[in-house]
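Since the structure comes first, as structure tokens, the remarks are kept for the end.
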There are 2 protein chains.
Amino acid sequence: MALLEPSKYSQGSVLGGVNPDLASERQTASFSVEKLTAWLDGGEENTRTRRAVVEAIERDPVFSRENEYFQSQNERYEAAVRKAVHLQKKMHEMGWTETGPEFKYIYRAVSGDIAFLLHRIFIRSISMLGSDKQIAKWIPLATQHKLIGSYAQTELGHGTYLQGLETTAVFDITTQEFILNTPKISAMKWWPGDMGRSATHTVVFAQLYTNGQCYSVHPFIVQIRSLRDHSLCPGITAGDIGPKMNFEHIDNGYLMLQNVRVPRENMLSRFCEVQPDGTYVRQGSQKINYFTMTTVRISLISDEVIMPLMKACTIAIRYSAVRRQSKLKPGEQEAKILDYQTQQEKLLPQLAAAYAFHFINDYLQELFNRGYREIQKKNFETLPELHAFSSGFKAMVTQYSTSAVQICLQACGGHGYSSLSGLPSLYTKIIASCIYEGENTILLLQTARFLIKCFRAASTGQPVPPSVTYLAAVKPGKCPAKNKLEFLSPNIYTEAYQHMAARLVSSAAAKLQDLIQSGVKKHDAWNQCTVQLAQAAKAHCHYITVKNFAETVEKLKTEAGIQRIMKHLCDLFALHGIFSNAGVFLHDGYISGAQMDMITASYLDLLAVIRNTCFSDMNVIHLLLRKDAVPLVDAFDFTDKSLNSALGSYDGQVYQRLYEWAQKSPTNKQMSPAYERYLKPLLHNTQSKL
Amino acid sequence: MALLEPSKYSQGSVLGGVNPDLASERQTASFSVEKLTAWLDGGEENTRTRRAVVEAIERDPVFSRENEYFQSQNERYEAAVRKAVHLQKKMHEMGWTETGPEFKYIYRAVSGDIAFLLHRIFIRSISMLGSDKQIAKWIPLATQHKLIGSYAQTELGHGTYLQGLETTAVFDITTQEFILNTPKISAMKWWPGDMGRSATHTVVFAQLYTNGQCYSVHPFIVQIRSLRDHSLCPGITAGDIGPKMNFEHIDNGYLMLQNVRVPRENMLSRFCEVQPDGTYVRQGSQKINYFTMTTVRISLISDEVIMPLMKACTIAIRYSAVRRQSKLKPGEQEAKILDYQTQQEKLLPQLAAAYAFHFINDYLQELFNRGYREIQKKNFETLPELHAFSSGFKAMVTQYSTSAVQICLQACGGHGYSSLSGLPSLYTKIIASCIYEGENTILLLQTARFLIKCFRAASTGQPVPPSVTYLAAVKPGKCPAKNKLEFLSPNIYTEAYQHMAARLVSSAAAKLQDLIQSGVKKHDAWNQCTVQLAQAAKAHCHYITVKNFAETVEKLKTEAGIQRIMKHLCDLFALHGIFSNAGVFLHDGYISGAQMDMITASYLDLLAVIRNTCFSDMNVIHLLLRKDAVPLVDAFDFTDKSLNSALGSYDGQVYQRLYEWAQKSPTNKQMSPAYERYLKPLLHNTQSKL
């Protein structure tokens, strides 16, 4: 038994090479990782730019995340502010601009922990809702950081239902000012980021009163802190809302207003205005406001949802190739846990989902760019579809990815539960995405409302957007596949998803109709159908995701190796979805029990090395997914610093790294005062009478 | 618009009354909350004892949890040690003993944050595995706290698979000592609680070598810290493993051993011994070791799983009766979110599960007490069944409850994400239960192995334990129910669960058999069936839980009101399970698509106030579950201090409490240094060149 000197354990030097168990996984890749990375980035040029940005940021010690897992809420906030301020300098130094190609990679490079994101929403809301004059006044102040902005919409008692906001803004003709008030505690602004401690200004959403009448919610620019010494302005009560599950680096804040006066010019007035005599004038279309929320929902999917999911997959899959536990065969070495079917079944579907969502994100971006061009031409026709898409996909992708990250965390056993694995912080971050920017159930019901409308239109022959024409074609039928191999045909499974989604929409519509015809009031009938409506909306999004994945693979002709592995991931994503939601496919007999057995067999074959198949071709193909698992996460191209995980680093030296990182913990810095205070008296029996 | 003085918001005095929205929920209870509480406790006497313990603990400021959400890992550890030491004093003062009726309520009263739990496992392992002489020496030292013990089994590279442990203990005849070593980094002990900073001694599990031969893993008592000054003993490297998702109050530790010598007498030797000449002697049965792990798994279900689930339900349901959002009917006040079908469908099934698991816990306790009596009579026959039950139910109940708490958290929207809601800490605590004391997938597969064995035995007419005789009766069939009301019959749904579980076990057994007959090696065949085997084991536990719930309700004749509401919860738990796992019920046609529609209708009816039913009796019954939701959580009888939740307190003053608690956060204690350092230079444009 050779002994390692304990001192050696703690030195970076033993982290020299790549763990052979991980190195071997990379030698058998069926495709070029570098080419897959470039394709995911949208071209080699983008990969180069991204890597340059990441390198510049990671080389700079101010952006270090080394001690993040040991920091208090105060420390994380201070670090986030320091990084945000330093980033301005860095961008200047590097020649990066907000419109340059580097900009979109900065957030990924910084890995999230940065302040002033709400300052950007402050700027965006003034740009979209402000008059030209307001833009000319406020935007330069904001971009030059002569103020720090925030966005105060949510209240303690009011979230998604904006009409319910209780903050008031009463126009006072005599002074030409609005008087803002928080009439009761539930009206207090609560949650706005950057507002608890940083912001000097914020956009407050309040019920507008003028000439004794209420004109619903409007945005007002309000200064909350002194530009001189940062003290709170008169009439302002504000602070930090305290600890959260994550986002401790953000000063989510509260705000109460007591007779706070702002000049008439501070109501954002591109679309609505109060004139000096108190007359309320609405001009132009307010529909564009939806579009802002819509774009925010879509833009968060990539950075806040798909990135954490890809990171979690990277960590869990690399660790599963290094971790050995129990024996798969008697007499052999302990097996890599990735060789167990149950571990494959946990992780590989999540990897497939990460790719599926990357592609659906591309699809949504394109849809929105096209929609935006139309809107710029004052054609608002696509707005309902875009709104339905952004709502449904935001809900579906965030919920799915949250479960996926949880599975990755649990699949790493005890070490996944250590903060040093990086997984707890990814999980507690991603679960927030299910709640913010619209609660998921409410969003799914908005999508459902659109689908029901389209279904009714389609049924009566009226035109509907291309994405939902399939709703017209609901009819009983049976899946034609006859053996397990046929279920690897994208036509077969895409059809099955389409049939299932259409059936769920049509049966929810029928139930709704029945209830109304039987005399139930419309709103009661709607409420009684909402569980099924939400299910139908999710099914629609799932169908579109599968269809888009299959089409993406189909189009990918240039790279045979990559196309082949993407095809397997697409099959896995689709069959996993059928296996996990078997009920909705079996319900009307479209898929029979016997076919479900074929699907299960095909699905399980996809996961693993299958030794007993008669199809030698298939054998080779089946080898790929398990064998390519590590190369497939390597292609996401996360640096060790961005993963910040003792389990997920490229070199797979997980045990040494866990040990080294643990030693940096403040819990190991000195003997705890608990010894002198409590343990010593207990052990020496000198404490006051037991 | 009346203005509240901001100063008023912050005073406890405004928290006087109960929020009318919550008070009204309690006026319509269909049963006596107090009687239900007493029944859950197992009698009024127990309720009185429990309340007395809780009151004594909560009245004592040392046990306060007031600032827990603001504390660092170091602070939480120190508080946990302080509480553990103080508890000794308290118990003496109150006259509570370890065998008295109060003892089992102490942990609930302290609400978890307490040190020295592993000290208890140290004592337990010596009591069970030590010789009489060892017990006589060590137990008094431990119970008098002349040492603090821990239990060092898990290693950095080895968890559930104990045979793989790498720590070594080599017997040295010349000195009559064992020499303990950590031969490589993956052999380092990692995770043991109380070991990182507190323990002076620990039980180390190591591979025993004597006379040049390895005799597998055995336990050794090792001193790791000086009893004089707490410094590490020679050859010992130890410390804290750093931050985790929760359990920050516990000093989970690491330990390396370098030529650490302990006398021959320190190997626990009730069953195995090394004699002075190095001869290894095994005596008696080692099977009893399984039983220790088995009892630990069962005992954690109540305190570590069902309690957090009940707390999460209490918080989410009370909050949902207070939170108003959007309008259910045009022109009305905003509705309580508990009146939305989607919210009911999120929360009420979790409430039903909390009750279901409370009852299955009673069932398991009784089963184990009976088993223990047999074992004391040296009858080990029931061990395999007990082991299978403890494994499967630990896995099923922890996984189900983890999802349930996550649903409760998300159902509270943004405020659920605030630490002050209490839900994040409940979630991060309960998810650990899926990992510790045996990883869930491995546990399910152990249950599956038992089920397959029993299925084969039953198929060939051999005797099997009563709990699995149903496996003999697998045959095709159809559910006889003809309308949605018939699905409220326990016989109907219990039969359906039984059929489904038996089918899954038999089809996994058939697949296993087919693979082996087609030439696949046994271990490969097993691996290829594990996804389905785990599913079958879960289905078995789900079936037993439903059956036990139905039988518990059936037996409950004395209290009509309580029996009625329990019957609804049982129906809800059962139908929710069918609705959510429709595929396995539809698969072989036992339930048809049309019947699934009836089940769905019955299930959704159960949730809510149904206005449009023709059955006036049913109407009354349906009113109950939604209407009784708050009384049903009140019956769990948690004090506000034990919930430690701004959302879940008995008085429902959620907004005031969130605001008051936030103000206590260290983030509001003073102006952040970030202002002087970063914000001021930025705003005043005095920072070094932008």
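If you filter region A:328-371 down to residues that are among the aromatic types (Phe, Trp, Tyr) and part of a helix (DSSP H, G or I), you find that the one that is nearest to A:ASP303 (Cα to Cα) is A:PHE357.
Could you please find all residues in region A:504-524 being aliphatic (A, V, I, L, M), within 12 Å of chain B (Cβ to nearest Cβ) and touching a Cys at 6+ places or on another chain (Cβ under 6 Å)? Matches in region A:504-524: A:ALA508 only.
Among the residues of region B:641-677, those that are facing chain A (nearest Cβ under 7 Å) and over 30 Å from A:ALA79 (Cβ atoms) comprise B:TYR655, B:GLN656.
Please determine, by comparing only the residues of region A:39-98 that are of a type in the set (Lys, Arg) and open to solvent by 60 Å² or more (accessible area, probe 1.4 Å), which one is farthest from A:LEU423 (Cα to Cα). Explain how you work it out, then say what you get.
Start the filter on region A:39-98 by keeping residues that are of a type in the set (Lys, Arg), which leaves A:48, A:50-51, A:59, A:65, A:76, A:82-83, A:89-90.
Pick out the ones that are also open to solvent by 60 Å² or more (accessible area, probe 1.4 Å) and you get A:48, A:51, A:59, A:82, A:89.
On the way: A:ARG48: 28, A:ARG51: 24, A:ARG59: 24, A:ARG82: 25, A:LYS89: 31 Å.
Per the criteria, the residue is A:LYS89.
Go through A:GLY100, A:GLY95 for me and flag whichever is within 14 Å of another protein chain (Cβ to nearest Cβ) and free of Cβ contacts under 8 Å to residues at least 40 places away in the same chain. Reasoning before the result, please.
Numbers: A:GLY100 fails: within 14 Å of another protein chain (Cβ to nearest Cβ).
Exactly one of A:GLY100, A:GLY95 is within 14 Å of another protein chain (Cβ to nearest Cβ) and free of Cβ contacts under 8 Å to residues at least 40 places away in the same chain, namely A:GLY95.
For A:ALA525, are the conditions met, namely being modelled with pLDDT of 95 or more, of a type in the set (A, V, I, L, M, F, W, C) and either closer than 29 Å to A:GLN350 by Cα or surrounded by 22 or more Cβ atoms within 10 Å (Cβ to Cβ) (or both)? No, not satisfied. If I filter region A:430-446 for residues that are of a type outside the set (A, V, I, L, M), surrounded by fewer than 24 Cβ atoms within 10 Å (Cβ to Cβ) and farther than 18 Å from A:MET293 by Cα, do I get at least one hit? Among the residues of region A:430-446, not one is of a type outside the set (A, V, I, L, M), surrounded by fewer than 24 Cβ atoms within 10 Å (Cβ to Cβ) and farther than 18 Å from A:MET293 by Cα, which makes the answer no. Identify, please: which residue in region B:23-36 is surrounded by 18 or more Cβ atoms within 10 Å (Cβ to Cβ) and in a helix (DSSP H, G or I) and is, among those, nearest to the chain's Cα centre (by Cα)? Within region B:23-36, the match that is nearest to the chain's Cα centre (by Cα) is B:LEU36. Of A:LEU504, A:LEU471, A:LEU485, all but one fail to be among the aliphatic types (A, V, I, L, M), touching a residue at least 12 places away in the same chain (Cβ under 8 Å), surrounded by fewer than 19 Cβ atoms within 10 Å (Cβ to Cβ) and assigned to a helix (DSSP H, G or I); the exception is A:LEU485.
Only one entry of B:ALA395, B:ALA411 meets the criterion of being closer than 29 Å to B:ILE452 by Cβ and out of contact with any Pro (no Cβ under 7 Å at 6 or more places or on another chain), and that entry is B:ALA395.
Would you check which residues across region B:357-394 are of a type in the set (D, E, K, R), open to solvent by 20 Å² or more (accessible area, probe 1.4 Å) and at pLDDT 95 or above and list them? Spell out how you get there, then give the answer.
Narrowing region B:357-394 to residues of a type in the set (D, E, K, R): B:362, B:366, B:370, B:373-374, B:377-378, B:381, B:385, B:394.
Then drop every residue that is not open to solvent by 20 Å² or more (accessible area, probe 1.4 Å), which leaves B:362, B:366, B:370, B:373-374, B:377-378, B:381, B:385.
Hit for region B:357-394 is B:ASP362, nothing else.
Test A:THR168 against the criterion of being touching a residue at least 40 places away in the same chain (Cβ under 8 Å), of a type in the set (Val, Ile, Thr) and within 30 Å of B:ALA335 (Cβ to Cβ), and give yes or no. The answer is yes for A:THR168.
Restricting region B:99-138 to residues that are over 26 Å from B:ALA152 (Cα atoms) and among the hydroxyl-bearing types (Ser, Thr, Tyr) leaves a set whose member that is surrounded by the most Cβ atoms within 10 Å (Cβ to Cβ) is B:TYR105. Pairs under 7 Å by beta carbon, first residue facing another protein chain (nearest Cβ under 8 Å) in region B:75-87, partner part of a helix (DSSP H, G or I) and open to solvent by 10 Å² or more (accessible area, probe 1.4 Å), six or more apart or different chains? Taking only residues 6 or more apart or on different chains, the pairs are B:GLU78/A:PRO673; B:VAL81/A:TYR678; B:ARG82/A:TYR678; B:ARG82/B:VAL62; B:VAL85/A:TYR678.
The residue pairs whose first member lies in region B:435-449 and is more than 21 Å from A:HIS415 (Cβ to Cβ), whose second member is open to solvent by less than 60 Å² (accessible area, probe 1.4 Å) and not in a helix (DSSP H, G or I), and whose beta carbons are closer than 9 Å, counting only pairs six or more residues apart or on different chains, are B:GLN446/B:GLY438. For region B:103-194, the helices (runs of 4 or more DSSP H) that sit wholly inside it and include 3 or more residues that are modelled with pLDDT under 95 are B:103-110, B:117-129.
For the structure I just gave you, tell me whether B:SER425 is at pLDDT 95 or above, within 11 Å of chain A (Cβ to nearest Cβ), open to solvent by 20 Å² or more (accessible area, probe 1.4 Å) and closer than 29 Å to A:GLY416 by Cβ. Write out each step before concluding.
Working: at pLDDT 95 or above: yes; within 11 Å of chain A (Cβ to nearest Cβ): yes; open to solvent by 20 Å² or more (accessible area, probe 1.4 Å): yes; closer than 29 Å to A:GLY416 by Cβ: yes.
It is true that B:SER425 is at pLDDT 95 or above, within 11 Å of chain A (Cβ to nearest Cβ), open to solvent by 20 Å² or more (accessible area, probe 1.4 Å) and closer than 29 Å to A:GLY416 by Cβ.
Candidates are the residues of region A:189-200 that are farther than 23 Å from B:GLN325 by Cα and open to solvent by less than 10 Å² (accessible area, probe 1.4 Å); the one that is farthest from the other protein chains (Cβ to nearest Cβ) is A:MET195. Pairs linking a residue in region B:60-73 that is within 10 Å of chain A (Cβ to nearest Cβ) to a residue that is crowded, with 17+ Cβ neighbours inside 10 Å and among the aromatic types (Phe, Trp, Tyr), with Cβ atoms under 9 Å and 6 or more positions apart or on different chains, are B:TYR69/B:TRP661; B:GLN73/A:PHE70.
Determine if region A:165-188 includes at least one residue that is of a type in the set (Asp, Glu), open to solvent by less than 10 Å² (accessible area, probe 1.4 Å) and touching a helix residue (DSSP H, G or I) at 6+ places or on another chain (Cβ under 6 Å).
Keep residues of region A:165-188 that are of a type in the set (Asp, Glu), which gives A:166, A:172, A:177.
This time we only want the ones that are open to solvent by less than 10 Å² (accessible area, probe 1.4 Å), so: none.
No; the residues of region A:165-188 include none that is of a type in the set (Asp, Glu), open to solvent by less than 10 Å² (accessible area, probe 1.4 Å) and touching a helix residue (DSSP H, G or I) at 6+ places or on another chain (Cβ under 6 Å).
Restricting attention to strands (runs of 3 or more DSSP E) lying wholly within region B:226-327, give those where 1 or more residues are within 13 Å of chain A (Cβ to nearest Cβ), crowded, with 18+ Cβ neighbours inside 10 Å and in contact with a strand residue (DSSP E or B) (Cβ under 6 Å, 6 or more places away or on another chain).
Details: elements: B:236-240, B:253-257, B:260-263, B:272-274, B:280-282.
By residue number, B:236-240, B:253-257, B:260-263.
For first residues located in region A:624-646 and within 13 Å of A:ARG318 (Cβ to Cβ), partners that are of a type outside the set (S, T, N, Q) and modelled with pLDDT under 95 and lie 6+ apart or on another chain with Cβ distances below 6 Å form the pairs A:PRO631/A:ALA29.
Here A:THR210 does not qualify as farther than 27 Å from A:GLN73 by Cβ and at pLDDT below 95. Does region B:133-152 include one or more residues that are touching a residue at least 24 places away in the same chain (Cβ under 8 Å) and under 24 Å from A:GLU334 (Cα atoms)? Looking through region B:133-152, at least one residue is touching a residue at least 24 places away in the same chain (Cβ under 8 Å) and under 24 Å from A:GLU334 (Cα atoms).
The values are calculated or read from the model by the stated rules, or taken from the named source; none is laboratory data. Since we're looking at a predicted model, the values are computed, not measured. Cβ sites come from the backbone with ideal geometry, for glycine too, and all protein chains shown count toward neighbours. The protein model used for the area step is the full one, side chains on, heavy atoms only, and it has no ligands, DNA or RNA in it. Shrake-Rupley method; radii C 1.70, N 1.55, O 1.52, S 1.80 Å.
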